[in-house]
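Here the structure is laid out as structure tokens; the discussion comes afterwards.
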2 protein chains.
Amino acid sequence: MSASRAPAGGASAGGARAAGASGSGAGPPAGGPRAPDKRRLILDAAVRVFARQGFHACRVSDIADEAGVAYGLVYHYFASKDEVLDTLFIERWEVMLQLIRDVDSEPLPVREKLGAIAAFIIDSYSHDPDLMKVIIVEVTRAANSFGDTHIGTIREAYELIGAIVEKAQADGYFKPEIEARFAAMAFYGVIEQLLTGWIFDLLPQGEEELQRAKWVVIETVCGGLETNAVSDGTTAGNRLLR
Amino acid sequence: MSASRAPAGGASAGGARAAGASGSGAGPPAGGPRAPDKRRLILDAAVRVFARQGFHACRVSDIADEAGVAYGLVYHYFASKDEVLDTLFIERWEVMLQLIRDVDSEPLPVREKLGAIAAFIIDSYSHDPDLMKVIIVEVTRAANSFGDTHIGTIREAYELIGAIVEKAQADGYFKPEIEARFAAMAFYGVIEQLLTGWIFDLLPQGEEELQRAKWVVIETVCGGLETNAVSDGTTAGNRLLR
DNA sequence: AGTTGTTGACTGACCAGTCAATCTATTCGG
DNA sequence: CCGAATAGATTGACTGGTCAGTCAACAACT
């Protein structure tokens, strides 16, 4: 429930370089906030355009216009229109993957681990709805084209979450009857559907709702996965074990 | 849990007719299984092609080829490529909507109501994975383009499910702290994510797994929504009230 | 004098949608 | 009962527009 590290949108960080430019090593002279950094400008513009019109419906010239640069410059920094989207996805997903790994390695109760993951994703949406919309709509859920390309990376997230669930089962917090893989999908599915609800404007999305949603996710999913009696007579849920 | 009415894929049924053909009333002489019914042929071919290549990546000629008809015939029955997909979605979604309405109107315990809905969707996938893939990937989750067009119909499903949850809350089976709208999204999200898992081949999809998944969905979601003590001391879950 | 950044007009491919022609079935006058 | 007439079904070559990606030139910086 604490602050949770929401990601900064601006800094360059990784980002897979395309073909073409050999990039002699050093980046811009000083990484200060002053540099125009057209590459970033294009990436950020692309997020807005993709979110507004969708990847397929928008033209490369729309991105260039939005970024205020010439058409050709897009191809100076990226090998193709696809690569722009790929870059956006990889950049962001890698951060999430790292967070999940970090969370996983810490000795926390499951609720807090899953809570941190849910919080991260929801905070990411809160911080940059357009970017999350693009990643979910255009990549994560695009079974053909992009989804296929990144399926390996996407799967990794599910597997890491699955591992967390498995551990919780081994420790007796979660019931073992529900396969960890299924549970991981369920957990992630609930979160993604909430984002979808916000994206489609099917759910109210004040800051308060977003915060509350974190709790709802955990309460709903963990509630169903925990070993809270039912079959055995004791009232002792994990609550007491913890 | 019972058989649940899985939909037949073949018969024409409703289906919004396009512009053009005024249809002087009677359809084909006898509605027997003999009639070629090119319209249906095209629709079924489109499902296969859309599932395989995706809506955007495929050409109208691919559909015509797959159906074994001439290019132009597609435009005899449908006003546009879009209309083919629209028709597929509406046809199927309407059936689901009707099922939800039926289920809702019957006096059943929540678990069985939601169970019937989950079963229907999962059976639909089991019966025609391609069609479900197309509907989910190309429409339900396409925030721009198609998703936008059908958002009203999609929303209706969420609202109906939400109403079921609300009723369960009023009856004391579900806890009231989790807003019905959220719960409905969570429920649907879990199911859709499972389908996604199967579509992307992230989850094993034997017939046995699909059947088991129905139980997992209910167990997970309802487990988290039910008023199973926790805050009050009694072990009495809804199980006893029922 | 070279290297990297930036520009935008241009091209080549691709494809949705059109349409005139052909085919098939049903109707109807004689 | 037959052949003409009408209407729908079916065909596939063609068109028009769109757009991703190229490239030759120019600018800025070192």
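The values are calculated or read from the model by the stated rules, or taken from the named source; none is laboratory data. All figures in this text were calculated on a predicted structure; none of them were measured in a lab. FYI the Cβ positions are ideal-geometry reconstructions off the backbone, even for glycines, and counts take in every protein chain you see.
For segment A:39-66, the set of residues classified as hydrophobic (A, V, I, L, M, F, W, C), within 13 Å of DNA strand D (Cβ to nearest atom) and within 14 Å of chain B (Cβ to nearest Cβ) consists of A:49, A:50, A:55, A:57, A:58, listed by residue number. The criterion of being surrounded by fewer than 19 Cβ atoms within 10 Å (Cβ to Cβ), of a type in the set (A, V, I, L, M), within 16 Å of DNA strand D (Cβ to nearest atom) and more than 15 Å from residue B:146 (Cα to Cα) does not hold for residue B:97.
For segment A:139-156, the criterion of being aromatic (Phe, Trp, Tyr) and modelled with pLDDT of 95 or more is satisfied by no residue at all. Of everything listed in (1) more than 12 Å from chain A (Cβ to nearest Cβ); (2) part of a loop (DSSP other than H, G, I, E, B); (3) closer than 21 Å to residue A:192 by Cα; (4) not basic (Lys, Arg), the single unmet condition for residue B:125 is (2). Annotation: of all residues in segment A:198-208 being in a helix (DSSP H, G or I) and crowded, with 17+ Cβ neighbours inside 10 Å, the one that is farthest from the other protein chains (Cβ to nearest Cβ) is A:198. For segment A:210-221, a tally of residues being more than 7 Å from every other protein chain (Cβ to nearest Cβ) and more than 19 Å from the chain's Cα centre (by Cα) returns 0.
For beta carbons closer than 7 Å, sequence separation of 6+ or different chains, a first residue in segment B:63-89 that is among the hydrophobic types (A, V, I, L, M, F, W, C) and a second that is near DNA strand D (Cβ under 7 Å from one of its atoms), the qualifying pairs are B:64/B:70; B:64/B:71; B:64/B:73; B:69/B:38; B:73/B:38. For segment A:68-90, a tally of residues being part of a helix (DSSP H, G or I), away from DNA strand C (no atom under 13 Å from the Cβ) and hydroxyl-bearing (Ser, Thr, Tyr) returns 1.
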